[in-house]
Structures are given as C-alpha cells and as structure tokens.
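Asker: Here it is, the structure in full.
No value in this document is a laboratory result; all are computed from the given coordinates. The structure presented is a predicted model; accordingly, all values stated were derived computationally and were not measured. Because the Cβ atoms are built from the backbone with ideal geometry, glycine has one as well, and the counts that use them run over all protein chains shown.
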Amino acid sequence: MRDPVYYSGSASFFDTHAHIYDRKFDANNTTTEDILQRCKSSGVTSVLIPADSEETSRLAVEMAGKYDGYEGISLYASVGVHPHEAKTYTKEVEGYLRTSLDRHTELKIMAVGEIGLDYYYDLSERSVQREVFEKQLKLAKEYDLPIILHERDATGDCLDILRRFYKEGRLRNVPGVCHCCSCSLEASQELVKMGFYIGFDGPLTFKNNKKTPEVALNTPWDRIVIETDSPYLTPEPNRGLVNEPCHVAYVCAKLAEIKGVTIDEAAQITYDNGKKLFGVN
C-alpha cells in the first residue's frame, strides 16, 4: 500500500528533478497521467524533467510539451548527457543539443543536464567524462542556462573543473544545482559560494544517513531546492517502491524538521527557489 502523501491544502511543491519518462513506470503499469494526477492530489504543481542522453533529452522535451498544464501541473525540461553516457557524446549529439537549445524558450528547456562526473560506476572512461562535462559547461554558458550537476565519488575532479571555470568567468552567476547532493559539507559550501543551489531528495530521509542532513542544516535557505529523482531514491516511508514526484512532500517534511520550520514554509521557500534557479516566471 502506498502511504497517503502529505498535503495541507495550501502547500505547493516544485519537484526539480523527476525522470517521468523512465521505463520503470511502464513496468509498474503507471502512466504519465497517473503520475500527474497524484501530483495534483499531493500539491505538486511544478516538475522539471531532466535528461541523461540524446534519447531522453528528446523524451523530456516531448513530455514537457505534451503534458504541460495537465491537471494544472507545469512541466519543464532539460537536455544533456549524463557522465554514464559520456562515451556516446559525438558531434551529432552536440548538434542535436544545440538545435534544441536554439529553441529553449519555446521548448521549455530550462537547463543543461544532467551533466558531471560519476566515478562510482565508471560506465564511461574518466577522461571522456571530464571532456564531455567541460563541453556541456561551455554550452550552458553560451546559452545562459543553469546546469544540473551530477557528481558521485568524483568530488575532487568535479570541483577542480568548476573552480577553473569559475575563476575564468565561464560560469553563470547562478551556475546551476548540485542534484542529489552527496558530497561533504565542505564541498557543498564551496559550491554554494560559487552560486550553486543544492538539491535534496530521498536520501535526506534515510535513517542511517547522517551526512546529508548536516549539509541541509548548514545550507542557506536561499540555496535549497527539493527533488525526487523519480523513479529512483524513494524517500521514507515508501522506500522500496517506485518513486514519483508526489513523494517530494516527504523530502520537504524532513527538510522542514531539520530546519525547524513548518512544511508549508519549507514548501514555499523551495518552490520560490526552484523558480529562481530555472528562470520560471
């Protein structure tokens, strides 16, 4: 049984990272309409659909166009190549990204991502990951869009690249968001100093996770957004189920507990932050 998701009737949530095109939803017999209906009943009014390859970039853009406004939910997209897929990055793929980014306002593309480094799985060679990360950082600067940063077990190299771009003035004033932040408090604080937002999702609620709550406690309110990374990283108490944007309420509730505010206050702050981060009117 899926536990009822908190909704006071006044809170509005912005899930800033949900892969609602993922095949896990098909395997679970969950339609996009099902997902968005549960968003409505849970107070989720905005969802950003991130990409991790050319294929999913196309899906994210298509879904944002097709379903925007369904059940009153605002949908946005990003385009980009995840470090796992860095080995697939070609001139043709970059050509597609540029063609899409040329129309980013029309297509509701609000960011480049998710991009970065992942040394946990090493599904692409590390040197290739770094090269593709830098290429997409340049794209984001060229099109004046924030990035959605993916970093796992690669904090040193990731920060080295970002520091260099930052010192050379090749990052935006608001460079983007560190999605599903899993780095140390010190690393997160350095990212905030560069202008990044920090994204918190299901792991914030995990009982044995001590590091992420400490990062959340010490991150300024004006630099926090919430997300689900659906269909992955389902928060407590639904851990083990396929994740959906409606579960962002549980992340928000945990964040509110850590910060000592009401869930409605946390929802409003993070909703406004999401809009500022992605330039949503």
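Asker: Where in the range 215-256 are there trypsin sites (Lys or Arg not before Pro) that are in a DSSP coil and have at most 13 other Cβ atoms within 10 angstrom of their Cβ?
Answerer: Hits after loop and neighbour filter: nothing returned.
Asker: May I pose another question? Could you give me the ³J(HN,Hα) list for the range 264-281, computed from phi with Karplus coefficients 6.51, -1.76, 1.60 and θ = phi - 60°, whole Hz, x at Gly and Pro?
Answerer: Once θ is set to phi - 60°, the couplings for the range 264-281 become 5, 5, 5, 4, 5, 4, 6, 5, 5, 4, x, 5, 5, 4, 9, x, 8, 6 Hz.
Asker: Enter the Cα centre distance for the pair the range 82-128 and the range 148-224, rounded to the nearest angstrom.
Answerer: Cα centroid to Cα centroid, the span is 19 Å.
Asker: With each label point set 7 Å from Cα along the Cα-Cβ vector, what nm distance links LYS66 and VAL261?
Answerer: Those two pseudo-labels are separated by 3.6 nm.
Asker: Test of understanding: in a Gaussian network model of the chain with alpha carbons linked when under 10 Å, which of ASP201, ASP52, ASP34 would top the mean-square fluctuation ranking?
Answerer: So, out of ASP201, ASP52, ASP34, the one fluctuating most is ASP34.
Asker: In addition: For VAL44, which sequence-distant residues (separation of 5 or more, or a different chain) have an amide H within less than 5 Å of its own amide H, given hydrogens modelled in the peptide plane?
Answerer: For VAL44, the qualifying residues are PHE13.
Asker: How do SER230, SER188, SER46, SER41 line up, fewest other C-beta atoms within 10 Å first?
Answerer: Working: SER230 27, SER188 24, SER46 20, SER41 13.
Going from least to most buried by this count: SER41, SER46, SER188, SER230.
Asker: At 1.306 mPa s and 10 °C, plugging the Kirkwood radius over alpha-carbon pairs of the range 42-201 into Stokes-Einstein gives what diffusion coefficient in µm²/s?
Answerer: It comes out at roughly 101 µm²/s.
Asker: Let me ask you something else. On a 29 Å Cα-Cα criterion, which of the cross-link pairs LYS108/LYS210; LYS24/LYS66; LYS66/LYS207; LYS138/LYS254 come out too long?
Answerer: LYS108/LYS210; LYS66/LYS207; LYS138/LYS254
Asker: Which trypsin sites (Lys or Arg not before Pro) from the range 52-135 combine a DSSP loop assignment with at most 16 other Cβ atoms within 10 Å?
Answerer: Passing both the DSSP loop test and the Cβ count: ARG103.
Asker: Fully extended, how many nm does the chain gain between ARG98 and SER12 (0.36 nm per residue separation, minus their Cα-Cα distance)?
Answerer: Between ARG98 and SER12, full extension yields 27.7 nm more.
Asker: May I ask you to evaluate 6.51 cos²θ - 1.76 cosθ + 1.60, the Karplus curve with θ = phi - 60°, for each residue of the range 240-248 and list the ³J(HN,Hα) values in order in whole Hz, giving x for glycine and proline?
Answerer: Here the 3J(HN,Hα) series is x, 8, 5, 7, 9, x, 4, 6, 4 Hz.
Asker: Oh, and also: Just need the relative contact order of the chain here, percent rounded to a whole number, with Cα pairs under 8 Å and 6+ apart.
Answerer: For the chain, the relative contact order is 20 percent.
Asker: Also: Starting at the first residue of the range 46-55, write each ³J(HN,Hα) from the Karplus equation 6.51 cos²θ - 1.76 cosθ + 1.60 with θ = phi - 60°, in whole Hz, x for Gly and Pro.
Answerer: Going residue by residue, I get 9, 9, 9, 9, x, 10, 9, 6, 4, 4 Hz, with x marking Gly and Pro.
Asker: As an exercise, use a Förster radius of 22 Å and the Cβ-Cβ distance of VAL128 and LYS91 to find the FRET efficiency, rounded to the nearest 0.05.
Answerer: Numbers: r = 15 Å, r/R0 = 0.66.
E between VAL128 and LYS91, to the nearest 0.05, is 0.90.
Asker: Size of the dipole of the range 13-278 about the Cα centre, Lys and Arg at +1 and Asp and Glu at -1 on the beta carbon, nothing else charged, in debye to 20?
Answerer: 500
Asker: Between ARG58 and ALA27, what FRET efficiency follows from the Cβ-Cβ distance if R0 is 30 Å, with the result rounded to 0.05?
Answerer: Working: r = 21 Å, r/R0 = 0.69.
It comes to 0.90.
Asker: How many nm separate the modelled label positions at ASN281 and ASP160, each set 7 Å beyond the Cα in the direction of the Cβ?
Answerer: Taking the two extended label points, one gets 4.4 nm.
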